[in-house]
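Colleague: Encoded as structure tokens, here's the structure I'll be asking about.
The values are calculated or read from the model by the stated rules, or taken from the named source; none is laboratory data. In this text, all values refer to a predicted model and were calculated from it rather than measured experimentally. Backbone-built Cβ (ideal geometry, glycine too); neighbour counts: all protein chains shown. For accessibility, only protein heavy atoms count, side chains too; no ligands or nucleic acids. Shrake-Rupley method; radii C 1.70, N 1.55, O 1.52, S 1.80 Å.
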Amino acid sequence: MEREKLKEILEIALAQGGDLAEIYIEERESTSISCESSKVERINSGIDLGAGIRVISGESTAYAFTNIVTEESLKEVANLVSKAVQGAKKDINLDFTTPKPLIDFDIELRPDKVKIEDKVAKVKECDQAARSVDEKIKQVSVGYGDVRQKVTIANSEGVFVEDERIRTRFVCNAIASDGNNIQTGYTSLGGTRGFELFKEREPSQLGLEAAKRALLMLEAQPSPSGKMPVVLASEAGGTMVHEACGHGLEADLAQKGLSVYAGKKGQKVASELVTVIDDATIPYKYGSFRYDDEGTIGQKTVLIKNGILEEYMYDKLTALKEGKKSTGNGRRESYQERPIPRMTNTYIAKGKDNPEEIIKSTKKGLLVKKMGGGQVNTTNGDYVFDVAEGYLIEDGEVTSAVKGATLTGNGPQTLQMVEMVGNDLGYAIGICGKEGQGVPVSDAQPTLKIKELIVGGTGGVGDKKIVRDFKIKRI
Amino acid sequence: MADKDFRRLGLEVVAKAQKLGAEMAEAFLLNSRQLSIQVANQKVETMKLAEDRGLGIRVFRNNRLGFAFTSDLDALAIEKAINQALANCRYTEEDEFLTIAEKYSAYPELDLYDPQISDISVDEKIRLAKEIELKAKNYDSRIKITERAGYDDSQYEICIVNSQGLEAYYHGAYCGGYSLVVGEQDGDSQTGFGMQYEVKYKDLNPEKIGQEAAKRAVRLLGAKTVKSQKAPIVLEPYIATSFLSIISPTLSAEAVHKGKSFLANKINEKVASTLVTIIDDGRMPGRVSSAPFDGEGVPTGETVLIKDGVLQGYLHNTYTAKKDGVKSTGNGVRGSYRSTPEVGSTNFYLANGDISPEDLIKEVDRGLYVTDVMGMHTANPISGDFSLGASGIWIENGEFTYPVRGVAIAGNLKEFLLNIDRVANDLTFFVSKGSPTLRINNISISGS
């Protein structure tokens with residue numbers, strides 16, 4: 001669509017007044033491959049084209065979208081939206097300029113230039129590697145997906161952005177059974193990259209690892225339960241930071257009083273060993289981008305610094321409410337949704353301790369080597385997540401594997417109880433769900449020692465509600 | 001788009017796919033309009049209008065399946081999608097059971113379109129959303145925050161055309177309201193929700209939706225934990241339906257074929273208490289998940305899955321049915337035009353028993369009435385194991401006493417089904433899953 005036409009559409013959208021009008025045009029091409037029982041069952045391709053128009057006026061937002069991306073249709077949608085919110089007319093700036101991003105991505109192998117058979121080969125390679133490990137591996141499912149998303153974003157503050165995002169992901173789930181017991185193991189890989197993603201790790205490695213984890217859990221003993229010290233290994237991924245504080249630091253929840261961290265800027269909310277950062281500018285990570293879905297440049301935001309709450313994550317709407325600037329966290333699943341504040345790549349910064357020393361310092365406790373999915377009630381900070389791979393620590397040594405552990409805790413309490421922070425950092429990818437919108441994220445943490453968490457049982461949790469739940473799904 | 005335009009486009013797509021080399025082809029077309037209104041503090045916070053349309057195409061060649069979709073219905077985009085689907089089916093596995101639906105002479109007649117949903121003005125719908133919020137806030141002074149309250153509706157038309165001569169079309173609509181509020185007292189805060197989705201606009205009851213949310217938010221304020229013990233639990237219908245959401249995928253023939261169901265190879269065996277009858281019924285009158293046909297054009301129907309505790313069969317689409325030598329149960333479910341039809345449930349419910357929920361509770365000496373669980377998505381459909389955080393209300397001598405939080409209930413779905421020892425007569429649907437109040441005996445409750 002030509003720039004002049006976009007200007008006309010924005011003017012129509014603001015015809016009845018309003019603080020901000022925005023157009024978001026998206027064209028998404030995707031491919032997904034799924035393999036189960038060693039059969040490539042589905043290869044799906046898709047073209048999704050649509051545009052959404054939003055007008056913000058004070059506390060109200062009107063949003064409409066259509067799949068018919070023509071000048072006529074968009075003008076009609078703009079007209080519809082303009083009638084839904086009314087407000088004072090403001091000065092608008094339609095001298096479109098494009099902000100310069102802090103990061104760029106070089107895509108070596110664009111997914112649309114890679115043959116389907118090459119993608120299928122990666123899937124089969126992973127399946128075979130997983131199955132070759134042991135006869136007890138009864139089922140393996142492998143999924144590959146790539147997305148090429150072209151967006152055009154223009155708003156009445158004069159922002160005009162055209163961007164292309166390319167993401168690739170890969171996941172393997174292995175099921176092991178010895179006749180009585182069934183256990184699963186999963187691995188995943190993903191990034192804002194093309195087919196060169198597999199230079200990070202080969203599919204066969206991912207298959208082996210998933211199979212070995214399932215087999216290990218088959219031999220594992222049931223997890224002990226009760227309060228105990230917990231060491232979260234860096235490779236465990238960042239589910240804890242995502243659930244324990246990430247969601248509660250999203251500005252929409254904080255502003256509505258729906259976060260345990262609401263109104264706590266400048267206050268101590270964590271051990272001084274803890275610094276939490278959200279950073280969209282880490283090269284090639286799954287939650288990285290040049291621009292967010294409102295055309296704001298992706299940036300690095302220190303959320304908690306040495307235990308003190310510094311900043312929330314803002315999109316334009318929440319920033320407007322406080323008269324400040326967006327932190328570049330306005331994201332949406334697609335043109336079908338309005339943007340809301342979301343995490344990108346969220347992590348606890350490295351500390352000084354040697355990971356081995358952290359384990360040695362633990363007399364009796366649980367070592368978490370891989371975390372599964374999680375869920376949080378942001379209102380009071382209670383969270384829960386699964387342990388996909390866990391071990392006992394006895395007298396500073398890692399001993400037997402344990403299965404079926406879940407960890408429950410309270411976000412602020414857990415962050416206060418961080419006693420040691422390793423000098424390492426490990427990432428995991430996921431699709432984070434909020435208000436029904438899934439967006440790609442990654443999260444990370446160093447090896448952490450937490451004074452005590454509730455293992456196995458779920459004492460301390462139990463009050464949440466269902467409709468609003470923030471789950472991270474490990475893909 | 002009108003019925004005949006949709007059919008014409010579907011026929012063109014199928015003919016084009018066949019011309020380009022498909023042995024069998026199927027076009028799925030969807031066109032929908034949605035409105036959602038969210039209010040907070042008696043002001044419209046968000047109003048969303050959506051128009052979504054698109055095409056999903058399945059092609060078959062040499063017993064291989066390829067799929068592609070497009071939301072762009074330009075001739076060029078459609079041709080690109082057909083070619084992509086054909087390219088994809090060169091690399092999928094050969095499978096002799098892959099098929100499409102045959103032509104059907106008739107479909108169930110369902111009243112799924114209430115013209116009021118489109119006739120009623122947006123202003124009136126905004127008023128309804130505000131009323132929901134007001135009813136929640138006015139119910140109790142401890143209701144302090146509205147996270148969301150709102151009204152949604154959707155009007156849609158679906159058309160399926162395939163190369164077996166199948167041409168099916170219907171249109172429908174639904175509407176609903178919801179409320180999500182926070183109650184506060186002495187530093188404790190609890191959330192509660194209420195929702196209702198209906199085919200008929202006049203059936204929406206804003207007062208009930210609002211009050212339900214408020215009741216849920218305040219009833220757990222000041223909750224405490226209980227001692228660890230074995231005791232019966234009573235599940236209110238909403239919680240019982242969240243268990244059914246984990247059980248329904250294990251009744252899909254696809255999960256059974258792949259060894260991913262704890263109910264595999266158990267037909268004609270007792271898998272649940274004799275009080276348990278579980279049914280999937282895609283043509284239930286007045287339900288928002290009802291439709292004359294599924295995502296492949298197969299007529300929907302009533303499938304009794306578990307009868308008096310005995311497993312009768314599984315849910316099928318055309319593929320799993322051909323594999324098992326049975327007929328599709330009309331459970332080839334599509335999320336949208338963006339995905340292939342996979343085995344799924346429609347209106348999935350546990351049938352009523354004959355005791356009132358009040359009498360059921362009166363019979364409990366000591367036990368937990370469960371109103372909320374956390375971590376349901378971590379339950380394992382293969383092994384059946386679950387471990388959940390729970391909260392609710394303690395029952396003592398058949399009476400509700402104090403609210404409880406911070407306990408864990410753990411167990412296995414197999415035992416869960418077998419240990420249901422009371423089924424009440426208050427079947428309640430939450431969108432597509434329904435259950436009456438249930439009592440489960442002898443559950444480990446871990447608390448302090």
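Colleague: With respect to A:G207, is the statement that it is touching an Asp or Glu at 6+ places or on another chain (Cβ under 9 Å), assigned by TED's automatic domain parsing to the domain that holds A:M420 and of a type outside the set (V, I, T) true?
Modeller: Details: touching an Asp or Glu at 6+ places or on another chain (Cβ under 9 Å): yes; assigned by TED's automatic domain parsing to the domain that holds A:M420: no; of a type outside the set (V, I, T): yes.
No; evaluated as a whole, the condition is false for this residue.
Colleague: For B:Y113, state whether it is within 10 Å of chain A (Cβ to nearest Cβ), among the hydroxyl-bearing types (S, T, Y) and not in a strand (DSSP E or B).
Modeller: Numbers: within 10 Å of chain A (Cβ to nearest Cβ): no; among the hydroxyl-bearing types (S, T, Y): yes; not in a strand (DSSP E or B): yes.
No.
Colleague: In region A:81-113, what residues are more than 30 Å from A:R169 (Cα to Cα) and open to solvent by less than 80 Å² (accessible area, probe 1.4 Å)? Lay out the reasoning, then the answer.
Modeller: Quick first cut of region A:81-113, residues more than 30 Å from A:R169 (Cα to Cα) only: A:81-97.
The answer is A:V81, A:S82, A:A84, A:V85, A:G87, A:A88, A:I92, A:N93, A:L94, A:F96.
Colleague: Determine which single condition A:T187 fails, assuming it passes every other condition in (1) among the hydroxyl-bearing types (S, T, Y); (2) open to solvent by less than 30 Å² (accessible area, probe 1.4 Å); (3) within 14 Å of chain B (Cβ to nearest Cβ).
Modeller: (3)
Colleague: Restricting to region B:78-101, name every residue that is loosely packed, with under 15 Cβ neighbours inside 10 Å and either at the interface with chain A (Cβ under 7 Å from one of its Cβ atoms) or touching a strand residue (DSSP E or B) at 6+ places or on another chain (Cβ under 9 Å) (or both).
Modeller: Here is the first cut: in region B:78-101, the residues loosely packed, with under 15 Cβ neighbours inside 10 Å are B:90, B:94, B:96-97.
Answer for region B:78-101, where residues must be loosely packed, with under 15 Cβ neighbours inside 10 Å and either at the interface with chain A (Cβ under 7 Å from one of its Cβ atoms) or touching a strand residue (DSSP E or B) at 6+ places or on another chain (Cβ under 9 Å) (or both): B:R90, B:E94.
Colleague: Determine the pairs where a residue that is in contact (Cβ under 8 Å) with a residue 60 or more places away in the chain, located within region B:422-433, has a partner that is among the aromatic types (F, W, Y) and in a strand (DSSP E or B) with Cβ atoms under 8 Å apart, the partner being 6 or more residues away or on another chain.
Modeller: Note: pairs meeting the criteria are B:L427/B:Y349; B:F429/B:Y349; B:V431/B:Y197; B:S432/B:F348; B:K433/B:F348; B:K433/B:Y349.
Colleague: Among the residues of region A:289-324 satisfying the criterion of being open to solvent by 10 Å² or more (accessible area, probe 1.4 Å) and assigned to a helix (DSSP H, G or I), which is nearest to A:K100 (Cα to Cα)?
Modeller: My answer is A:K316.
Colleague: Looking at region B:250-273, can you tell me whether even one residue there is touching a residue at least 60 places away in the same chain (Cβ under 8 Å), closer than 30 Å to B:E399 by Cα and not in a helix (DSSP H, G or I)?
Modeller: Checking region B:250-273: at least one residue is touching a residue at least 60 places away in the same chain (Cβ under 8 Å), closer than 30 Å to B:E399 by Cα and not in a helix (DSSP H, G or I).
Colleague: To continue, here is another question. Those residues that are under 22 Å from A:G287 (Cβ atoms) and open to solvent by 20 Å² or more (accessible area, probe 1.4 Å), I need them from region A:408-437; list them, please.
Modeller: A:D424, A:L425, A:Y427, A:I431, A:G433, A:E435, A:G436
Colleague: Can you confirm whether region A:384-405 contains a residue that is in a loop (DSSP other than H, G, I, E, B), of a type outside the set (K, R) and away from chain B (no Cβ under 14 Å)?
Modeller: Just the residues of region A:384-405 that are in a loop (DSSP other than H, G, I, E, B), to begin with: A:395-396, A:404-405.
Those left that are additionally of a type outside the set (K, R): A:395-396, A:404-405.
Now drop any that are not away from chain B (no Cβ under 14 Å), which leaves A:395-396.
For region A:384-405, residues in a loop (DSSP other than H, G, I, E, B), of a type outside the set (K, R) and away from chain B (no Cβ under 14 Å): present.
Colleague: Anything in region B:354-367 that is open to solvent by 30 Å² or more (accessible area, probe 1.4 Å) and assigned to a strand (DSSP E or B)? List them, or say none.
Modeller: If the condition is that a residue be open to solvent by 30 Å² or more (accessible area, probe 1.4 Å) and assigned to a strand (DSSP E or B), then B:R366 is the only one that fits.
Colleague: What pairs come out if I take residues in region B:114-126 that are closer than 9 Å to B:Y201 by Cα and pair them with residues that are among the charged types (D, E, K, R) whose C-beta lies under 7 Å away, six or more apart or interchain?
Modeller: Pairs that qualify, where the first residue is closer than 9 Å to B:Y201 by Cα and the partner is among the charged types (D, E, K, R), are B:D114/B:K200; B:Q116/B:K202; B:I117/B:D153.
Colleague: List every residue pair whose Cβ atoms lie under 7 Å apart, where the two residues are 6 or more positions apart in sequence or sit on different chains, the first residue falls within region A:226-252 and is assigned by TED's automatic domain parsing to the domain that holds A:V455 and in contact (Cβ under 8 Å) with a residue 12 or more places away in the chain, and the second residue, located anywhere, is among the acidic types (D, E) and outside any strand (DSSP E or B).
Modeller: Listed pairs, sorted by first residue: A:S234/A:D424.
Colleague: Also, quick follow-up: Looking at region A:53-71, can you tell me whether even one residue there is within 31 Å of the chain's Cα centre (by Cα) and surrounded by fewer than 18 Cβ atoms within 10 Å (Cβ to Cβ)?
Modeller: Just the residues of region A:53-71 that are within 31 Å of the chain's Cα centre (by Cα), to begin with: A:53-69.
Those still in the list that are surrounded by fewer than 18 Cβ atoms within 10 Å (Cβ to Cβ) too: A:58-59.
Within region A:53-71 (the criterion being within 31 Å of the chain's Cα centre (by Cα) and surrounded by fewer than 18 Cβ atoms within 10 Å (Cβ to Cβ)), the answer is yes, since at least one residue qualifies.
Here's the yes/no breakdown for (1) more than 13 Å from every other protein chain (Cβ to nearest Cβ); (2) assigned to a loop (DSSP other than H, G, I, E, B); (3) on the phi < 0 side of the Ramachandran plot:
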site	(1), (2), (3)
B:G286	yes, yes, no
B:S289	yes, yes, yes
B:T303	yes, no, yes
B:K322	yes, no, yes
B:T340	no, yes, yes
B:N352	yes, yes, yes
B:Y369	yes, no, yes
B:P381	no, yes, yes
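Colleague: Of all residues in region B:432-447 being at pLDDT below 95 and outside any loop (DSSP other than H, G, I, E, B), which is farthest from B:L360 (Cα to Cα)? Working first, answer last.
Modeller: Step one: filter region B:432-447 for residues at pLDDT below 95, giving B:432, B:441-447.
Narrowing further to those that are outside any loop (DSSP other than H, G, I, E, B): B:441-446.
Numbers: B:N441: 12, B:N442: 16, B:I443: 17, B:S444: 20, B:I445: 20, B:S446: 23 Å.
Checking each candidate, the answer is B:S446.
Colleague: Restricting to region B:178-237, what's the tally of residues that are open to solvent by less than 40 Å² (accessible area, probe 1.4 Å), in contact with a Phe, Trp or Tyr (Cβ under 6 Å, 6 or more places away or on another chain) and either more than 26 Å from B:L128 (Cβ to Cβ) or part of a strand (DSSP E or B) (or both)?
Modeller: Summing the residues that are open to solvent by less than 40 Å² (accessible area, probe 1.4 Å), in contact with a Phe, Trp or Tyr (Cβ under 6 Å, 6 or more places away or on another chain) and either more than 26 Å from B:L128 (Cβ to Cβ) or part of a strand (DSSP E or B) (or both) in region B:178-237 gives 2.
Colleague: Then there's this: Tally the residues that are modelled with pLDDT under 95, part of a loop (DSSP other than H, G, I, E, B) and over 14 Å from the mean Cα position of the chain (by Cα), restricting the search to region A:436-458.
Modeller: The number of residues fulfilling the criteria is 3.
To keep it simple, each residue is scored yes or no on (1) farther than 26 Å from B:S32 by Cα; (2) modelled with pLDDT of 95 or more; (3) open to solvent by 20 Å² or more (accessible area, probe 1.4 Å); (4) out of contact with any strand residue (DSSP E or B) (no Cβ under 8 Å at 6 or more places or on another chain).
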{"position": "B:V271", "(1), (2), (3), (4)": "yes, yes, no, no"}
{"position": "B:V276", "(1), (2), (3), (4)": "yes, yes, no, no"}
{"position": "B:P299", "(1), (2), (3), (4)": "no, yes, yes, no"}
{"position": "B:L305", "(1), (2), (3), (4)": "yes, yes, no, no"}
{"position": "B:G309", "(1), (2), (3), (4)": "yes, yes, no, no"}
{"position": "B:N317", "(1), (2), (3), (4)": "no, yes, no, no"}
{"position": "B:A321", "(1), (2), (3), (4)": "yes, yes, no, yes"}
{"position": "B:D324", "(1), (2), (3), (4)": "yes, yes, yes, yes"}
{"position": "B:S345", "(1), (2), (3), (4)": "no, yes, yes, no"}
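Colleague: Determine if region B:61-76 includes at least one residue that is in contact (Cβ under 8 Å) with a residue 24 or more places away in the chain, within 10 Å of chain A (Cβ to nearest Cβ) and open to solvent by 60 Å² or more (accessible area, probe 1.4 Å). So that I can check it myself, show each step before the final result.
Modeller: Keep residues of region B:61-76 that are in contact (Cβ under 8 Å) with a residue 24 or more places away in the chain, which gives B:61-67, B:69, B:71, B:73.
Filter once more, so that each one left must be within 10 Å of chain A (Cβ to nearest Cβ): B:64-67, B:69, B:71, B:73.
Subsequent filtering for residues that are open to solvent by 60 Å² or more (accessible area, probe 1.4 Å) retains B:64.
Taking every residue of region B:61-76 in turn, at least one turns out to be in contact (Cβ under 8 Å) with a residue 24 or more places away in the chain, within 10 Å of chain A (Cβ to nearest Cβ) and open to solvent by 60 Å² or more (accessible area, probe 1.4 Å).
Colleague: Of all residues in region A:1-57, count the ones that are outside any strand (DSSP E or B) and farther than 21 Å from B:C89 by Cβ. Show your work before the answer.
Modeller: Here is the first cut: in region A:1-57, the ones outside any strand (DSSP E or B) are A:1-17, A:19, A:37-38.
Checking the rest, the ones that are also farther than 21 Å from B:C89 by Cβ come to A:1-17, A:19.
Final tally of qualifying residues: 18.
Colleague: Same structure again: So which residues in region B:403-431 are open to solvent by 30 Å² or more (accessible area, probe 1.4 Å) and either at pLDDT 95 or above or more than 14 Å from chain A (Cβ to nearest Cβ) (or both), if there are any at all?
Modeller: Within region B:403-431, B:E415, B:L418, B:N419, B:D421, B:R422, B:N425, B:D426, B:L427, B:T428, B:F429 meet the criteria.
Colleague: What number of residues within region B:49-60 are over 25 Å from B:D95 (Cβ atoms) and either aliphatic (A, V, I, L, M) or more than 7 Å from chain A (Cβ to nearest Cβ) (or both)? Walk me through how you get there before you give the answer.
Modeller: So in region B:49-60, the residues over 25 Å from B:D95 (Cβ atoms) come out as B:49-54.
Next, only the ones that are either aliphatic (A, V, I, L, M) or more than 7 Å from chain A (Cβ to nearest Cβ) (or both) stay: B:49-50.
Here the count works out to 2.
Colleague: Here's another thing I want to ask about it. Are any residues in region A:175-230 small (G, A, S), in a strand (DSSP E or B) and over 26 Å from A:V441 (Cβ atoms), and if so, which ones?
Modeller: Initially, region A:175-230 is screened for residues small (G, A, S), giving A:176-177, A:179, A:185, A:188, A:190-191, A:194, A:204, A:207, A:210-211, A:214, A:220, A:223, A:225-226.
Subsequent filtering for residues that are in a strand (DSSP E or B) retains A:176-177, A:185, A:188, A:190-191, A:226.
Selection gives A:A176, A:S177, A:G226.
Colleague: Shifting gears a bit: Collect the residues in region A:224-268 that are more than 22 Å from the chain's Cα centre (by Cα) and polar (S, T, N, Q), keeping them in residue-number order.
Modeller: Within region A:224-268, A:S225, A:Q267 qualify.
Colleague: Mind listing whichever residues of region B:126-144 are of a type outside the set (D, E, K, R) and open to solvent by 30 Å² or more (accessible area, probe 1.4 Å)? Talk me through it step by step, then tell me what you get.
Modeller: Taking region B:126-144 first, the residues of a type outside the set (D, E, K, R) are B:126, B:128-129, B:132, B:134, B:136, B:138-139, B:141, B:143.
Selection gives B:L134, B:N138, B:Y139, B:S141.
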